[in-house]
Amino acid sequence: MANSLKKLERYGVTFYESHGDFSFWLKMPAYINTNKLYNLAAKHGVVFIPGSIFTTSYGSSTNFIRLSFTQVNEHEIELGIAILDKCLSDLGKGMKKAKTYPLI
């Protein structure tokens, strides 16, 4: 799974390799809203747990997601990460199109 997740690094996603765990924690770049990512990915059959579920502090862990791989096989992992890749690309395109204006 770690090799597949490396494909997401081009979006600024970071993760730590799991050793003996059944999930990966991924840190999303600041421009990715993990709730929007969740909704978009869920429409395509991929679900994960947003990091905000694990905290009582608003704003804490909001750019983290947890991916579990206990109930899926290698093929399904590859498909799921490909869907996440597409979702991150789609969300990033919306950000790149946003116009910026100088402060006066």
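Some values worked out for this structure:
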{"item": "Inter-label distance, nm, simple model (7 Å from Cα along the C-beta direction), Lys7/Lys86", "result": "1.1 nm"}
{"item": "Two-site FRET efficiency, His19 against His44, from Cβ-Cβ distance with R₀ of 30 Å, rounded to 0.05", "result": "0.55"}
{"item": "FRET efficiency estimate (nearest 0.05) - Cβ-Cβ, Asn73 to Asn33, R0 25 angstrom", "result": "0.25"}
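Since every read-out is calculated from the coordinates, none of them should be taken as a lab result. This one's a predicted model, so the numbers in the text were calculated from it and none came from an experiment. Quick reminder, even Gly has a Cβ in these numbers, built from the backbone with ideal geometry, and neighbours come from all protein chains shown.
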